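Written out below as structure tokens is the structure these notes cover.
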Ligand code: PMP
């Protein structure tokens with residue numbers, strides 16, 4: 001019996017996936033040529049599943065800042081934020097993010113995953129309660145395991161269920177922290193944040209919003225769902241990432257809570273890992289500027305999202321409930337989803353295959369994420385391929401399903 005024997009069922013399921021053609025979990029691009037195109041197996045491929053919402057990965061000014069930083073400050077900090085890994089750039093970026101959100105405090109983490117892991121596991125202690133949406137991202141679930149708080153889940157996007165659960169806990173003496181996401185990463189639906197903020201006010205809970213997929217996407221200034229819903233004053237903590245709209249890697253949390261900074265010496269995923277390299281800090285800072293000085297990026301993103309969403313819905317695919325930059329179609333079975341994904345890739349279109357149990361309602365999904373950098377022609381090409389392959393698999397129009405309510 002080897003130490004890996006417990007993974008035999010996973011190995012078997014994984015081998016089955018690979019029988020369909022490409023291995024969906026080890027796609028390797030030969031080269032990336034732009035925010036929307038890569039070379040894969042020698043073939044030019046449209047990238048429609050990269051979370052590169054504003055297309056800033058190839059922005060010349062961001063590249064220039066990164067290059068300048070690597071030349072002047074080296075390739076890495078080789079240390080943690082609480083040792084040798086805090087440079088002026090880290091503090092400047094924290095100040096810029098705090099300013100952008102109109103908050104007093106900001107902590108920058110090495111990934112968005114660690115921002116959730118660190119903030120959630122540290123904010124709430126063993127006498128507190130973490131109240132999370134059932135469809136929360138893995139980083140939120142993992143934070144629950146890492147922390148000591150009691151965890152309560154409420155039904156996805158259901159403020160009544162949230163109210164019921166908080167109400168039942170009304171005599172519990174500890175703090176309650178409600179955690180929701182701006183845009184949910186699998187179906188692209190937004191949280192009903194106005195209603196959730198009202199529940200928060202009525203029950204005296206704290207509220208954290210993970211704006212990973214909504215920063216740079218929603219709100220008049222790109223601050224995310226809290227801005228778009230007009231409830232920023234009700235949100236106590238905003239978590240976000242640099243790995244999507246800002247085109248790099250890293251995470252952050254902003255807050256107005258007095259003494260928030262004490263977390264810097266209490267939060268283990270902040271303290272016990274190396275800080276972000278200067279080049280990443282520099283490109284992220286510039287991306288934050290670009291995002292603010294060019295609202296046209298957000299408008300182009302919204303138009304592209306609408307084009308893809310309407311196109312796929314019009315063909316008869318079962319799309320999510322809202323036209324956001326994450327556009328997913330639900331397919332009738334795992335096998336069909338895998339076959340569909342392989343055929344798209346063979347025809348030069350890359351997107352994400354998302355399979356149960358990692359998906360809401362155990363739906364097999366083809367998940368697209370649109371970029372401001374996509375041309376209308378690329379979106380049309382993608383829709384054309386969905387139509388062609390959908391028909392060849394017998395999905396159109398026979399399985400025409402209405403969008404989920
Ligand atoms: N929160 C959500 C909702 C996410 O979807 C993700 C990443 N997909 C993260 C946090 C983690 O971000 P990162 O990839 O920057 O670690």
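The values are calculated or read from the model by the stated rules, or taken from the named source; none is laboratory data. This is a predicted model, so every value here is computed, not measured. Every residue, glycine as well, gets a Cβ built from its backbone with ideal geometry; the counts of neighbours run over all protein chains shown.
Summary table below
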| item | result |
| --- | --- |
| Whichever residue in the stretch 199-216 is part of a loop (DSSP other than H, G, I, E, B) and out of contact with any strand residue (DSSP E or B) (no Cβ under 7 Å at 6 or more places or on another chain) and, among such residues, is nearest to the ligand (Cβ to nearest atom) | 216 |
| Residue within the stretch 367-378 that is free of Cβ contacts under 8 Å to residues at least 40 places away in the same chain, closer than 19 Å to residue 38 by Cβ and not in a loop (DSSP other than H, G, I, E, B) present | yes |
| Search result, residues across the stretch 98-113 that are under 18 Å from residue 244 (Cα atoms) and assigned to a loop (DSSP other than H, G, I, E, B) | 110, 111 |
| Yes/no for residue 93 being outside any loop (DSSP other than H, G, I, E, B), touching a helix residue (DSSP H, G or I) at 6+ places or on another chain (Cβ under 7 Å), under 23 Å from residue 364 (Cα atoms) and in contact (Cβ under 8 Å) with a residue 40 or more places away in the chain | no |
| Subset of the stretch 53-82 [in contact with a helix residue (DSSP H, G or I) (Cβ under 9 Å, 6 or more places away or on another chain) and part of a loop (DSSP other than H, G, I, E, B)] | 53, 54, 55, 59, 74, 75, 76, 77, 81, 82 |
| Failed criterion for residue 52 (all others in (1) away from the ligand (no atom under 16 Å from the Cβ); (2) under 14 Å from residue 242 (Cβ atoms) hold) | (1) |
| Filter pass, residue 161 being surrounded by fewer than 19 Cβ atoms within 10 Å (Cβ to Cβ) and more than 25 Å from residue 271 (Cβ to Cβ) | yes |
| The stretch 14-49: number of residues that are under 19 Å from residue 243 (Cα atoms), touching a strand residue (DSSP E or B) at 6+ places or on another chain (Cβ under 6 Å) and in a loop (DSSP other than H, G, I, E, B) | 3 |
| Residue within the stretch 345-357 that is in a loop (DSSP other than H, G, I, E, B) and in contact with a strand residue (DSSP E or B) (Cβ under 6 Å, 6 or more places away or on another chain) present | yes |
| Some residue of the stretch 138-149 being more than 16 Å from the ligand (Cβ to nearest atom), at pLDDT 95 or above and not in a loop (DSSP other than H, G, I, E, B) | no |
| Subset of the stretch 222-265 [within 19 Å of residue 323 (Cα to Cα) and either assigned to a strand (DSSP E or B) or more than 12 Å from the ligand (Cβ to nearest atom) (or both)] | 222, 223, 226, 227, 228, 229 |
| Qualifying residue in the stretch 80-101 (condition: modelled with pLDDT of 95 or more, under 30 Å from residue 304 (Cβ atoms) and exposed (fewer than 15 other Cβ atoms within 10 Å of the Cβ)) | yes |
